[in-house]
Amino acid sequence: MTTLHTHVDPSSDEFATNRDDMLTKLAEIDAEHAKAVAGGGEKYVTRHRKRGKLLARERIELLLDEDSPFLELSPLAAWGTDFAVGASVVTGIGVVEGVECLIVANDPTVKGGASNPSSLRKGHRAAQIAQENRLPVINLVESGGADLPTQKDIFIPGGRTFRNLTRSSARKVPTIALVFGNSTAGGAYLPGMSDYVVMVAGRAKVFLGGPPLVKMATGEEADDEELGGAEMHARSSGLADYLAADEEDAIRLGRSIIKRLNWRKHGPSPKPDYAEPLFDPEDLLGIVPTDLKVPFDPREVIARIVDGSDFDEFKPLYGSSLVTGWAQLHGYPIGILANARGVLFSEESQKAAQFIQLANQTDTPLLFLHNTTGYMVGKEYERGGIIKHGAMMINAVSNSTVPHLSVLMGASYGAGHYGMCGRAYDPRFLFAWPSAKSAVMGPAQLAGVLSIVARAAAQSRGAEYSEEDDAAMRAMVEGKIEAESLPMFLSGMVYDDGIIDPRDTRTVLGLCLSVVHNTAVKGADGFGVFRM
Ligand code: COA
C-alpha cells in the first residue's frame, strides 16, 4: 500500500487566497443554478401550483428512492443564450427501486415546457449517457413540444429523440413515459416510442393534432379529452398502459414498473469495504492557484478523492509532468492520468499511451484530471516527434474501450484537451470545477498569434500596421476568448455535464463509477497503428 502524503498548508496566505477565489466562483455558479431551479419564475410557478400540479423537480424527488442522491446533468444548459438557464428540462441520474435510471423531466413553467435548441442538446446528451451506460429512461412528460419560433433549429435534429427511445428498447433497455400534461404533435411520439406509458387521468393530453388543427384539417369537432385524454388512451387507443388517478399515483406506477424490470448490472460490483481518504476534501478549495500558470501537484487532489489516499504511481520518474497510477474509488478500481506541470512532452505522451493500454489489459476504468496547456511546441520538440507522440496518446484514448471519466480542474487547452479525453473523445462523464478553462489556447496566446499574423499580412501588402489598433484588437480578442473559456459558458453549450464543487468530486465520481458499471467493463482488443 502506498499512501500519499500532503504538503498543503491550510493556514498559508496562498491557500487562503485560492480558497476565497474558489468560493467566489462557487457563489456565482450557485446563483446560476438557482435560476435553473426557479424555472419560469414566480408567476408561472404559482399558476402551475394553482392547477394542482407538482414542479419538475418535485416529481423527480417523489420518483426517487427516499434519501437517494440525484446526479443532475447539464443544469446550466442554455446559459449565455436567449433561453432560460436549464433549457426548460431537468435531466439526471437517480435511483428508482434500487435501479439507476436516467430521468428527463420537462419544466412546464418555462414556455410551457417547449423544447428549444439548448433543450435538444441537453436531451441528446442525456440520451447518449443512457445509451453508453445502459440506463433505463424515465420521461416525465409535460411539454408544448417544439419551441415554435426556433423550429428550424430543432425540427430536423429533434427526430433523433424518438429514434433514441426505440433503439434503447431494441437493446433491451426499457423506456418509460409518465405523462402529466401536454404531449402533442411530435411530442406524442415520446409515449408513442416508449415501452411503458402511464397517463394521469384528466391531465394527460396526447394527440397528433389538437382540436383547432383537427377542425382546420377535417372540419371535425372534438375536445381535448375525446382526442387525446388519458381515459380514451387507456380504454380505446391502448397508448396508455396504466391510468393514474393523479400525479402521485403516476409516480407510484412508474416505480412499480421499474421494480418489475428484473434489472441486473453487467459490470463487476465494487469492493464492499473501502477506506475514506485520509485528508479533508475541504482542502480542495485551496489547492488550485488563482493564476492557472502556476502549477499544482495533482497528487494533493488524488489524496482527497481515492479510497484510503492509497495511490500506486506508475513510471514516477519518467515524464513527470503527467502523473499516472492505480487507485480505488468507492470500492471500484481506477487508473488515473493527471497533469502536473501543464505541458505535455513526448515522454508524457508515450507514458500515457502505455498506461491506457495497461488499463485496457485489466478492464480498469480511467479517470483524467485535466490541468494542461497542451503539447509542447518548438524546434527541439518538433524534431523529437511531439506530433507523433501526441498522436500515440490520442490513439490510445480514442480506441480505449474501458469507461473514461474526465474532470477539468484547471486549464484544458489545445490538443491537450483531446489527449486527456476531452468532450469529443466521449468520456462517459465530464465535469468541470469552477476554476476550469478550456479553449484552443490561452486568451493572451491566441490574441498574440492573431496579432503576429495580422502584422505579417500587413507587411506583405506593404500596408502600415497601427499599433493602437493592434492593442485594441488584442484586448478585445483576449476578453472574448477568456469569456468563452469559462465553465459557465462551456456548460451553457453542453460541452460538460455540469460544474461541480471540488469538495463533491469523490461523491460525483463514485456515482459515475456506479453508473458506468451497468455495462460490462471490457478493455480494447486492439488500437490503431501506433506511429513509432
Ligand atoms: N413554442 C414557443 N412558446 C410556447 C410554446 C411553444 N411550443 N408553447 C407554449 N409557449 C409559450 C406561450 O406562448 C406562453 O408564453 P408567454 O407566457 O410569454 O405568453 C408560455 O409558453 C406559457 O404558455 P401557456 O399557453 O400560457 O401555458 P399553458 O400551461 O396554459 O399551456 C400548452 C401550455 C403547452 C398546452 C400550450 O401553450 C400549447 O398548446 N402550446 C402549443 C403546443 C403545440 O402545438 N406545440 C407544437 C408542437 S410541435
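Derivation of every value follows stated rules applied to the coordinates shown; laboratory data play no part. Fair warning: this is a prediction, and the values are worked out from it, not measured in the lab. Note that we place each Cβ from the backbone using ideal geometry, even for glycine, and neighbour counts take in every protein chain shown.
Counting Lys and Arg as +1 and Asp and Glu as -1, each charge on the Cβ, what is the dipole of the range 41-259 about the Cα centre in debye, to the nearest 20?
620 debye
Based on C-alpha coordinates, I'd like the Rg and Dmax of the chain, in Å.
25.4, 81
Could you pull out the trypsin sites (Lys or Arg not before Pro) across the range 250-310 that fall in loop regions by DSSP (anything but H, G, I, E, B) with no more than 14 other Cβ atoms inside 10 Å? Please list the in-between numbers first.
Numbers: sites: Arg252, Arg255, Lys259, Arg260, Arg264, Lys265, Lys293, Arg299, Arg304; in loops: Arg260, Arg264, Lys265, Lys293, Arg304.
Those satisfying the criteria are Arg260, Arg264, Lys293.
Could you work out the relative contact order of the range 41-259? I mean the mean sequence separation of Cα pairs under 8 Å and 6+ apart, divided by the number of residues, in percent.
16 percent
May I ask for the distance between the Cα centers of the range 321-381 and the range 458-532, given as a whole number of Å?
When both Cα centres are located, 17 Å separates them.
Would you please give the residues with an amide H less than 5 Å from that of Leu367, counting only those at least 5 places away or on a separate chain, with H modeled from the backbone geometry?
Gly335, Ile336, Leu337, Leu405
What does the charge dipole of the chain about its Cα centre add up to, to the nearest 20 debye, if the Cβ of each Lys and Arg holds +1 and the Cβ of each Asp and Glu holds -1?
The dipole of the chain has a size of about 1740 debye.
Which lysines have a Cα less than 21 Å from the Cα of Lys271, not counting those fewer than 8 places away in the same chain?
Answer for Lys271, where 21 Å is the Cα cut-off: Lys522, listed by chain and number.
When a/c reaches 1.5 or more, the comparison of a/b and b/c decides; with that in mind, is the range 104-149 rounded, prolate or oblate per its Cα gyration tensor?
oblate
Answer rounded, prolate or oblate for the range 328-386, using the Cα gyration tensor with square roots of eigenvalues a ≥ b ≥ c: rounded when a/c is under 1.5, else prolate when a/b is larger than b/c, else oblate. Walk me through the intermediate numbers first.
Numbers: a/c = 5.03, a/b = 1.99, b/c = 2.53.
Oblate.
Given Cα pairs under 8 Å that are at least 6 residues apart, what percent is the relative contact order of the chain?
Over the chain, the number comes to 14 percent.
At a 10 angstrom cut-off on C-beta neighbours, averaged per residue, how do the peptides 377-386, 30-39, 499-508 rank from highest to lowest? Please list the in-between numbers first.
Working: 377-386: 12.3, 30-39: 15.8, 499-508: 19.6.
By packing density, highest mean first, the sequence is 499-508, 30-39, 377-386.
Can you give the FRET efficiency for Ala457 and Met216, using 1/(1 + (r/R0)^6), R0 = 56 Å, r = Cβ-Cβ distance, to the nearest 0.05?
Numbers: r = 58 Å, r/R0 = 1.04.
Approximately 0.45, to the nearest 0.05.
Picking from Tyr242, Ala230, Pro149, whose Cα lies most toward the positive end of the charge dipole for the range 41-259 (charges on Cβ: Lys, Arg +1; Asp, Glu -1)?
In the range 41-259, that residue is Pro149.
Determine the alpha carbon to alpha carbon distance for each of Lys122/Lys172; Lys25/Lys53; Lys25/Lys293 and list only those over 25 Å.
Working: Lys122/Lys172 23 Å; Lys25/Lys53 35 Å; Lys25/Lys293 18 Å.
Result: Lys25/Lys53 exceed 25 Å.
For the range 193-218 and the range 54-80, compute the distance between their C-alpha centroids and round to whole Å.
First find each Cα centre; the distance between them is then 26 Å.
Towards the positive end of the charge dipole of the range 442-485, with charges on Cβ (+1 Lys, Arg; -1 Asp, Glu), say which of Ala456, Met473, Ser485 has the farthest Cα.
So the residue furthest toward the plus end is Ala456.
Is the shape of the range 41-259 rounded, prolate or oblate, going by the alpha carbon gyration tensor and its root eigenvalues a ≥ b ≥ c, with a/c under 1.5 for rounded and a/b larger than b/c for prolate? Numbers along the way, then the final one.
On the way: a/c = 1.35, a/b = 1.15, b/c = 1.17.
Because its axes are fairly even, with a/c under 1.5, the range 41-259 counts as rounded.
For Asn399 and Asp273, FRET efficiency with R0 = 41 Å and r from the beta-carbon atoms, rounded to 0.05?
E between Asp273 and Asn399, to the nearest 0.05, is 0.75.
Mind ranking 153-164, 453-464, 137-148 by how tightly packed they are, going by the mean number of other C-beta atoms within 10 angstrom, highest first?
Final packing ranking: 137-148, 153-164, 453-464.
I'd like the FRET efficiency for Thr46 and Val377, computed as 1/(1 + (r/R0)^6) with the beta carbon distance as r and R0 of 56 Å, rounded to 0.05.
About 0.45, to the nearest 0.05.
Points 7 angstrom from Cα along the Cβ direction at Ala475 and Ala16: gap in nanometres?
3.4 nm
Could you work out the helix-only [θ] at 222 nm for the chain, with each DSSP H run of four or more residues adding -39,500 (n - 2.57) and the total divided by the number of residues, to the nearest 500 deg cm²/dmol?
-12000 deg cm²/dmol
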